[in-house]
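S.K.: Handing you this structure, nothing more for now.
The values are calculated or read from the model by the stated rules, or taken from the named source; none is laboratory data. Because the structure is a prediction, the values reported are computed rather than measured. Note that each Cβ is placed from the backbone with ideal geometry, even for glycine, and that neighbours are counted across all protein chains shown. The protein model used for the area step is the full one, side chains on, heavy atoms only, and it has no ligands, DNA or RNA in it. Shrake-Rupley method; radii C 1.70, N 1.55, O 1.52, S 1.80 Å.
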Amino acid sequence: MAEKRSGAFQKLGLRDSIVESMDEMGIKNPTSIQNLVMPKIIEGGDVMFASETGSGKTLAFLSSAVERMKRNEVGGKRKTWPRLPFIFFIFA
């Protein structure tokens with residue numbers, strides 16, 4: 001029997017296809033850092049965050065960045081500048 005999703009990732013702003021992929025990997029609920037930063041990243045806000053190893057920072061950033069890019073597609077093609085999301089990251 002499949003485990004029911006809480007819908008928490010959808011509430012943060014991720015589309016169903018991303019959430020379903022995460023669900024297939026066993027990722028069911030967001031961590032505290034994901035709850036905090038994902039909506040801000042998806043909406044295009046300036047975000048800088050730090051958290052302990054294993055807290056879900058990479059997933060927070062990448063899944064939100066993919067969501068933002070998907071929102072900027074028109075007819076399967078990305079919009080052109082200046083509507084493209086600008087995403088810059090440094091992993092140290």
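S.K.: How many residues does the stretch 3-44 contain that are farther than 12 Å from E67 by Cβ, open to solvent by less than 40 Å² (accessible area, probe 1.4 Å) and in a loop (DSSP other than H, G, I, E, B)?
M.R.: Final tally of qualifying residues: 2.
S.K.: Would you check if S63 is among the hydroxyl-bearing types (S, T, Y), at pLDDT 85 or above, part of a loop (DSSP other than H, G, I, E, B) and open to solvent by less than 30 Å² (accessible area, probe 1.4 Å)?
M.R.: no
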